[in-house]
Amino acid sequence: MTEPRGVPATSLADEKERALVAWLRDRGSVLLGFSGGVDSAYLASVAAEALGRERVLAVIGRSASYPEEQWRVAREVATHLDLPVAEIDTEEMADARYVSNPSNRCYFCKTELWSKLAPLARDRGLAVVIDGTNADDLSGHRPGMQAAREHGVRSPLAEVGMTKRDVRDRSRARGLPTWSQPSAPCLSSRLQYGLSVTPERLGQVERAERRLRDLGISGDLRVRHHGDLARVELSREMLALWLSPIPMRMMIAAVRAAGFARVAIDLRGFRSGSLNILNEVTAA
Amino acid sequence: MNVENLERALAEIGLHGIVEVRGSLAVLRMEADAGLADDELRFLAVDAAERNGFTHLALEVVDDADRAAIHRD
């Protein structure tokens, strides 16, 4: 989103936050699909402040595709915000359409999630189900958003025009620990389309990324699963550090120890939607 | 996508290896890292891959156990 010249980005973000507060107060109460990531943590913080914590319920959907580390962060963030939290298990791994890993895999996962959260909101007397989709997310290949629309899920950050940068700026101003946290999409997004989603493969990716973090790799990091081959994407700064001979061998050993026969380092580095580019998947 | 042209272009900048094609991903299999920590060399390598129709270029450094598999003949 382009910002008008001469207007500081922070004041625009402030304005958008005021619009967000008004949006939330118009609804009165919300059930939030909560991952503990940058967007949903910020939204939870604003919602609890705008509505009162008794009118907010943050729900974590747990499954094999949700990293254990992300769950731990989500719990910590919820505790930090003193948020009411519920956890539900989602069963997308029982859906053969999801497991076959087509390019619209996210649609089946989100259908499963929202089909559980919408009735929960009704049972709890909460006015609307919301998610942390931001304005930047509206471009690109996002089949999960169709499932949200079909279940009446609203995306207030996107609706008031808040970009990822706005969310990070306002999160920092609020003292949220998530403000600089890298984006952390689900583990299934690391699997090449057509490669079936199994707990074993998700485990390989999770272990590999954890081992690389343990080595000290920070910032954007993805281990892309191409069957026998792991393709590691790092930020440009990390690439320059970790492509030297000794660090690279440590990195390769770490990924092999997670269960990959072969390891390759992507020379362009991290790209959001990298597997979409590889498979020529574009926004509908 | 032209793998022979890519191998030639990579060799011209000092990256001697075999390119394995996996869709639009090119995996450069080499016996040494050849200085790819250098931003400029990496940029040249990626540019060569894109000019030859690949969307991704990844480096696989192979060790002694893998070495035989690199050679085509």
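The values are calculated or read from the model by the stated rules, or taken from the named source; none is laboratory data. What you see is a predicted model; the values in this text were computed from it and never measured. Methodologically, a virtual Cβ is constructed for each residue, glycine included, from the backbone with ideal geometry; neighbour enumeration extends over all protein chains shown.
On the given criteria, is A:ARG271 closer than 16 Å to B:VAL27 by Cβ and surrounded by 14 or more Cβ atoms within 10 Å (Cβ to Cβ)? Quick ask: steps written out before the conclusion?
Details: closer than 16 Å to B:VAL27 by Cβ: no; surrounded by 14 or more Cβ atoms within 10 Å (Cβ to Cβ): yes.
Against the criterion (closer than 16 Å to B:VAL27 by Cβ and surrounded by 14 or more Cβ atoms within 10 Å (Cβ to Cβ)), A:ARG271 does not qualify.
Considering only residues that are surrounded by 14 or more Cβ atoms within 10 Å (Cβ to Cβ) and over 10 Å from the mean Cα position of the chain (by Cα), look in segment B:22-34 and name the one that is nearest to A:GLY227 (Cα to Cα).
Filtering segment B:22-34 down to residues surrounded by 14 or more Cβ atoms within 10 Å (Cβ to Cβ) leaves B:22-31, B:33-34.
Cutting the leftovers down to over 10 Å from the mean Cα position of the chain (by Cα) gives us B:22-25, B:31, B:33-34.
Numbers: B:ARG22: 11, B:GLY23: 13, B:SER24: 16, B:LEU25: 13, B:GLU31: 22, B:ASP33: 23, B:ALA34: 26 Å.
Per the criteria, the residue is B:ARG22.
A:SER188 is checked against (1) over 21 Å from A:ASN279 (Cβ atoms); (2) in contact (Cβ under 8 Å) with a residue 40 or more places away in the chain; (3) polar (S, T, N, Q) and fails just one. What number does that condition carry?
(1)
So, in segment A:238-276, how many residues would count as being facing another protein chain (nearest Cβ under 9 Å) and modelled with pLDDT under 85?
Initially, segment A:238-276 is screened for residues facing another protein chain (nearest Cβ under 9 Å), giving A:239-245, A:247-249, A:252, A:262-269, A:271, A:274.
Filter once more, so that each one left must be modelled with pLDDT under 85: A:274.
Number satisfying all stated conditions: 1.
Could you check segment B:1-60 and list, in sequence order, the residues that are part of a loop (DSSP other than H, G, I, E, B) and among the β-branched types (Val, Ile, Thr)?
B:ILE13, B:THR55
If you go through segment A:94-116, how many residues are farther than 25 Å from A:ILE277 by Cα and aliphatic (A, V, I, L, M)? Quick ask: steps written out before the conclusion?
So the first thing to find is which residues in segment A:94-116 are farther than 25 Å from A:ILE277 by Cα, and the list is A:94-95, A:112-116.
Now drop any that are not aliphatic (A, V, I, L, M), which leaves A:94, A:113.
Number of matching residues: 2.
Determine the pairs where a residue that is more than 9 Å from chain A (Cβ to nearest Cβ) and under 20 Å from A:SER272 (Cα atoms), located within segment B:40-56, has a partner that is surrounded by fewer than 22 Cβ atoms within 10 Å (Cβ to Cβ) and among the small types (Gly, Ala, Ser) with Cβ atoms under 6 Å apart, the partner being 6 or more residues away or on another chain.
Hits for this filter: B:PHE54/B:SER24.
Test B:GLU12 against the stated conditions and say whether it is modelled with pLDDT of 95 or more, among the charged types (D, E, K, R) and within 11 Å of the chain's Cα centre (by Cα). Give the derivation first.
On the way: modelled with pLDDT of 95 or more: yes; among the charged types (D, E, K, R): yes; within 11 Å of the chain's Cα centre (by Cα): no.
Answer is no for this residue.
Only residues that are within 20 Å of A:THR90 (Cβ to Cβ) and outside any helix (DSSP H, G or I): list them for segment A:26-43, please.
Across segment A:26-43, the qualifying residues are A:VAL30, A:LEU31, A:LEU32, A:GLY33, A:PHE34, A:SER35, A:GLY36, A:GLY37.
Residues being of a type in the set (A, V, I, L, M, F, W, C) and within 14 Å of A:THR198 (Cα to Cα): count how many of those fall in segment A:63-108.
Going through segment A:63-108 one residue at a time, the tally reaches 5.
Quick check on my filter: what residues within segment B:12-27 are within 8 Å of chain A (Cβ to nearest Cβ) and among the hydrophobic types (A, V, I, L, M, F, W, C)? Give the derivation first.
Within segment B:12-27, the first condition is being within 8 Å of chain A (Cβ to nearest Cβ), and the residues that meet it are B:22-25, B:27.
B:LEU25, B:VAL27, listed by residue number.
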